[in-house]
Amino acid sequence: MARFRMSKAVAIGIGVLTVSAVCGLVLLSVMYQIQINEFPPASIPTPTKPPVLPTGLPPTLRLPDNVIPESYKVFLQLYVYSAITNNYTNQSFAFTGNSTVRIKCMRDSKSIFLHVLDLNVTTVEVRKSDSNEKLSLSGYRIHQNESNFLEIQLKDVMTGNETYYDVFTKFEGELQNDLTGFYVSRYTKKAKAEEDEDQETFLATSLMQPTAARKVFPCFDEPALKAKFKITIIHRPDTVALSNQNGLSLRQIDGEEWSVTTFEETQNMSTYLLAFTVLSQSDFELLSEESSTDIKIRARREAIRAGYADYALEVTEKILNHYDYLFGLKHKLKKIDQIALPEISVGSMESWGLISYQESALLVEQNTALTFDHERVATQIAHELAHEWFGSLVTMRWWNDLWLKEGLATYMAYFGVEAVGWNLRDLFVLRETQTAFQMDSLNSSHPLSTQENYIQTTSEIVALFDDVTYRKSAAVLRMLASYIGGEETLMKGIKTYLTKFEFQTAAHKDLWECLQQETNKDVEAFMSTWIEQVGYPVVTIDTQKGELTQEQFLLKQEGGHNIAWHIDIRYFVSSGFSVKSFMLQVSGPAESTQFEVKDKDEWLLANINCIGFFRVNYDEENWNKLRMQLERDHYVSVNAISVACSNGLSDCTTMASNLFKSYRNGTNNIHPNLRREIYCSAIASGDDEDWEFAWNEYQRATAPAEKDKLRYALSCTKEIWLLNRYLQYTLDPTKIRKTDIVSTINYIAKNVAGQPLAWDFVRGYWSYITQECGVGVISLGDLLDAVTKRFSTHVELEELRQFQREQDKDTQGLAAQALEQVIERTEANIEWVKENKQLVKDWFESN
């Protein structure tokens with residue numbers, strides 16, 4: 001153990017060293033901390049992950065917002081011949097094309113989504129706009145579902161920060177005959193000599209609204225994605241090409257002769273407003289009017305030369321000038337073409353600068369036309385010209401606000417026609433308000449405006465083109481004008497709205513903000529109840545208690561509808577006739593002594609001139625007073641011949657038969673205003689020879705208004721076999737044009753004898769009707785409404801439900817809402833008959 005001992009001096013030395021070391025460490029630690037506090041070290045950087053770029057499909061059916069379009073250059077080549085002659089026999093409905101769309105990239109992306117439907121896309125390229133550098137693609141595909149997406153995936157990253165890229169596509173397609181997209185239309189050209197056969201002739205035209213531009217070329221087919229379009233159409237040399245802007249046509253020979261028409265670049269506009277028409281140069285002529293805007297009316301040559309387009313040309317300039325003044329904003333385009341087409345699935349379409357019409361909606365023959373025919377043409381033109389501002393210049397941001405263009409155009413048309421001598425204000429309630437009441441009293445109705453994500457598919461969009469969107473919105477705008485101080489106040493706000501949002505898109509709240517500047521009323525609070533809530537109220541006024549209540553008016557009450565509207569009630573009492581106002585904002589009861597009527601001879605009338613979009617109910621005593629007032633001071637009116645003949649009055653039917661007999665013998669002395677009803681009555685009481693005569697007259701008639709009168713009259717026969725034959729004719733486009741299929745079936749359904757036949761026909765040929773008539777904005781709802789209007793039995797209700805169950809997945813959405821509505825109405829009819837049948841029967845028997 002002795003060898004491990006150390007000296008005392010060594011031990012002390014080690015101890016001193018240890019203490020010194022510890023003190024040094026402490027000092028170093030203190031100094032380090034001082035230095036750290038004075039000069040803190042930089043933190044070690046955390047490794048960053050590269051940004052994750054989205055891949056795969058967007059979460060909804062809406063296009064993503066990573067890129068937005070700026071401009072398009074579109075080339076289309078059509079191979080269709082306007083007629084088949086001995087020189088060529090191979091007709092082709094094919095078309096080919098290419099498109100370059102310049103896009104602005106908003107954030108780093110590796111994917112681009114456009115819309116494509118029924119096209120074969122053969123080439124896709126993406127290049128950087130400034131350098132023309134080509135980006136590498138991973139691939140592209142078309143999604144065969146309701147999205148209609150053309151998905152382009154890139155290997156290279158597109159840089160955000162609003163960098164521009166060009167997306168080039170080549171594609172090929174076929175002109176269908178379904179009246180949507182770019183489609184082919186057939187019509188018959190009368191032979192020049194009796195021994196020659198009539199010639200079938202072709203034209204190509206378009207209907208893009210709401211989602212059919214994607215059937216013509218790859219595009220961003222949503223209304224908010226406005227862009228400028230430079231269109232070139234290559235077509236056969238004997239044809240003329242038209243589009244939204246003026247075009248310059250040149251001849252080109254490349255193996256065979258072609259015409260190349262290049263159109264001026266459009267204004268910033270939505271895809272649904274694009275229009276193309278290629279038609280026979282010899283078959284169509286034009287009328288024009290030199291003014292600040294180049295106005296042209298185009299129609300078949302025989303119609304132009306017969307003067308059928310004169311009235312349309314006359315009223316167009318006057319209405320357009322009136323709108324320039326009324327809206328405080330001049331029409332933006334150099335020209336307006338209006339064309340009467342042999343086949344179009346809607347009454348008219350407001351494509352910016354090239355407006356399309358059914359022939360009977362634009363052409364009118366002065367000698368045979370009804371007064372109503374002139375008024376209808378003027379109203380149709382006024383509606384479409386109003387769209388030059390409401391829809392074309394300022395467009396709704398998304399289809400959930402479709403009413404923002406259609407309601408304003410419907411309402412403004414009443415101002416437009418005043419410029420050509422038509423004062424139709426007194427007809428507004430009958431045509432717009434009362435018609436809208438019918439649909440909006442159903443549980444299956446819809447609000448004027450919903451959240452954007454509630455409306456995504458084409459079927460959901462098409463379903464919005466109904467009486468609620470067009471007519472209720474016009475009635476609500478009329479009510480709004482009264483609420484904020486009158487039409488002058490409304491127009492001031494409209495001018496601000498158009499100026500602020502020209503060439504842009506807007507939502508309904510943008511309109512409220514512009515109107516708010518002109519009034520001290522709370523526009524948004526008032527209008528939100530009418531725009532965002534479904535249905536409308538009935539206001540019950542108890543004049544004995546001075547009490548008011550409101551509840552939703554429904555044909556079939558299901559309970560639980562505790563909805564309150566902001567209701568501006570304009571009323572007067574018989575002793576004063578001074579109009580007073582009261583705002584009802586609660587369900588009630590709300591008490592107000594101003595609604596008490598104490599005098600036994602006094603009565604109260606609310607909702608003066610039906611300005612408000614609501615119904616009014618009173619206590620029994622006030623109803624009796626109003627009834628007695630009407631009995632003391634009434635007037636008799638709108639068609640004596642129609643009422644008398646339709647009810648079998650012998651003097652009327654004899655007169656009609658004699659006039660029709662003279663017509664058959666070569667002398668038609670029937671006044672144009674009476675022809676529709678006289679023809680109908682004579683055919684209803686006549687035989688098959690009368691029907692055949694009317695059919696032959698229909699086939700040879702050239703005036704659209706006269707053809708329509710005869711087409712309606714043919715549906716009036718009581719002979720079942722003739723009605724069945726007539727229904728079968730609607731399957732043959734050489735007999736009944738596709739554009740007239742739905743209205744012809746509706747005419748037959750109006751006939752008591754024809755209604756069950758029409759219903760069976762629609763059920764049996766539903767697939768044909770939906771395929772051949774297109775799914776654009778044609779109202780299948782109108783068809784279903786007409787053929788089921790009289791349904792009031794449990795058997796008919798079950799037939800409707802069975803029809804609903806039979807709808808296949810592809811077509812179910814086309815009429816889902818309409819079917820719900822007619823089923824609900826039938827249920828309400830059954831209940832009404834159950835409650836009132838005996839009462840009505842007893843009344844008829846006693847009177």
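The values are calculated or read from the model by the stated rules, or taken from the named source; none is laboratory data. Not measured: the values here are computed from a predicted model. Ideal geometry is used to build each Cβ from the backbone, glycine not excepted, and the neighbour counts take in all protein chains shown. When the accessible area is computed, the model is the full protein with side chains, heavy atoms only, and any ligands, DNA or RNA have been set aside. Shrake-Rupley method; radii C 1.70, N 1.55, O 1.52, S 1.80 Å.
Name every residue in the range 166-186 that is more than 17 Å from Ser206 (Cβ to Cβ) and open to solvent by less than 20 Å² (accessible area, probe 1.4 Å), in order of residue number.
Val167, Thr169, listed by residue number.
Among the residues of the range 616-639, are any under 24 Å from Ala481 (Cα atoms) and among the aromatic types (Phe, Trp, Tyr)?
No: zero hits.
Could you list, in sequence order, the residues of the range 517-545 that are among the polar types (S, T, N, Q), assigned to a helix (DSSP H, G or I) and either touching a Ser or Thr at 6+ places or on another chain (Cβ under 9 Å) or buried (at least 17 other Cβ atoms within 10 Å of the Cβ) (or both)? Lay out the reasoning, then the answer.
Taking the range 517-545 first, the residues among the polar types (S, T, N, Q) are 517, 519-520, 528-529, 533, 540, 543-544.
With assigned to a helix (DSSP H, G or I) added as a condition, the list becomes 528-529.
Passing the criteria: only Ser528.
Does any residue of the range 781-788 turn out to be touching a Ser or Thr at 6+ places or on another chain (Cβ under 8 Å), closer than 29 Å to Ala463 by Cα, surrounded by fewer than 20 Cβ atoms within 10 Å (Cβ to Cβ) and modelled with pLDDT of 90 or more? It would help to see each step written out before you state the result.
First pass over the range 781-788, keeping only residues touching a Ser or Thr at 6+ places or on another chain (Cβ under 8 Å): 788.
Restricting the remaining residues to those that are closer than 29 Å to Ala463 by Cα gives 788.
Add one more test, that the residue is surrounded by fewer than 20 Cβ atoms within 10 Å (Cβ to Cβ), and what stays is none.
Within the range 781-788, none of the residues are touching a Ser or Thr at 6+ places or on another chain (Cβ under 8 Å), closer than 29 Å to Ala463 by Cα, surrounded by fewer than 20 Cβ atoms within 10 Å (Cβ to Cβ) and modelled with pLDDT of 90 or more.
Please name all residue pairs, on different chains or six or more residues apart, with Cβ atoms under 6 Å, provided the first residue is in the range 145-165 and is over 18 Å from Asn132 (Cα atoms) and the second residue is open to solvent by less than 20 Å² (accessible area, probe 1.4 Å) and basic (Lys, Arg).
Asn148/Arg214
Name every residue in the range 655-687 that is at pLDDT below 90, polar (S, T, N, Q) and exposed (fewer than 13 other Cβ atoms within 10 Å of the Cβ), in order of residue number.
Of everything in the range 655-687, those that are at pLDDT below 90, polar (S, T, N, Q) and exposed (fewer than 13 other Cβ atoms within 10 Å of the Cβ) turn out to be Thr667, Asn669.
Among the listed residues Leu626, Leu630, which satisfies the condition of being of a type outside the set (Gly, Ala, Ser), at pLDDT 90 or above and surrounded by fewer than 17 Cβ atoms within 10 Å (Cβ to Cβ)? Don't jump to the end; show me each part of the working.
Values: Leu630 fails: at pLDDT 90 or above.
Only one candidate qualifies: Leu626.
Can you tell me which of (1) surrounded by fewer than 21 Cβ atoms within 10 Å (Cβ to Cβ); (2) at pLDDT below 90; (3) assigned to a helix (DSSP H, G or I) is the one Ala705 doesn't meet?
If we test Ala705 against (1) surrounded by fewer than 21 Cβ atoms within 10 Å (Cβ to Cβ); (2) at pLDDT below 90; (3) assigned to a helix (DSSP H, G or I), just (1) comes out false.
Among Ser292, Ser360, Ser351, which is the only one that is part of a helix (DSSP H, G or I) and either touching a Pro at 6+ places or on another chain (Cβ under 7 Å) or not hydrophobic (A, V, I, L, M, F, W, C) (or both)? Break it down into steps so the answer makes sense when it comes.
On the way: Ser292 fails: part of a helix (DSSP H, G or I); Ser351 fails: part of a helix (DSSP H, G or I).
Only one candidate qualifies: Ser360.
Residues in the range 102-116: is at least one more than 37 Å from the chain's Cα centre (by Cα), outside any strand (DSSP E or B) and within 29 Å of Glu265 (Cα to Cα)? Don't jump to the end; show me each part of the working.
Initial filter on the range 102-116 (more than 37 Å from the chain's Cα centre (by Cα)): none.
No, because not a single residue in the range 102-116 is more than 37 Å from the chain's Cα centre (by Cα), outside any strand (DSSP E or B) and within 29 Å of Glu265 (Cα to Cα).
Just wondering, is there one or more residues in the range 685-696 that are more than 16 Å from Leu722 (Cβ to Cβ) and of a type outside the set (Gly, Ala, Ser)?
If we filter the range 685-696 for residues that are more than 16 Å from Leu722 (Cβ to Cβ), which is where we start, we get none.
No: zero hits.
Among residues belonging to the range 187-230 that are more than 25 Å from the chain's Cα centre (by Cα), outside any loop (DSSP other than H, G, I, E, B) and not aromatic (Phe, Trp, Tyr), point out the one that is surrounded by the most Cβ atoms within 10 Å (Cβ to Cβ). Break it down stepwise before answering.
Restricting attention to the range 187-230, the residues satisfying the condition of being more than 25 Å from the chain's Cα centre (by Cα) are 187-202, 230.
Subsequent filtering for residues that are outside any loop (DSSP other than H, G, I, E, B) retains 187-189, 199-202, 230.
Among the residues that remain, those that are also not aromatic (Phe, Trp, Tyr) are: 188-189, 199-201, 230.
On the way: Thr188: 15, Lys189: 17, Gln199: 15, Glu200: 13, Thr201: 20, Lys230: 16.
Across the range 187-230, the extreme among qualifying residues is Thr201.
Part of a helix (DSSP H, G or I), in contact with a helix residue (DSSP H, G or I) (Cβ under 6 Å, 6 or more places away or on another chain), under 25 Å from Asn177 (Cα atoms) and among the aliphatic types (A, V, I, L, M): does that describe Leu727? Show your work before the answer.
On the way: part of a helix (DSSP H, G or I): yes; in contact with a helix residue (DSSP H, G or I) (Cβ under 6 Å, 6 or more places away or on another chain): yes; under 25 Å from Asn177 (Cα atoms): yes; among the aliphatic types (A, V, I, L, M): yes.
So Leu727 fits the description; yes.
Residue by residue through the range 142-165, note down the ones that are open to solvent by 30 Å² or more (accessible area, probe 1.4 Å), under 32 Å from the mean Cα position of the chain (by Cα) and either acidic (Asp, Glu) or closer than 21 Å to Tyr72 by Cα (or both).
Ile142, Glu146
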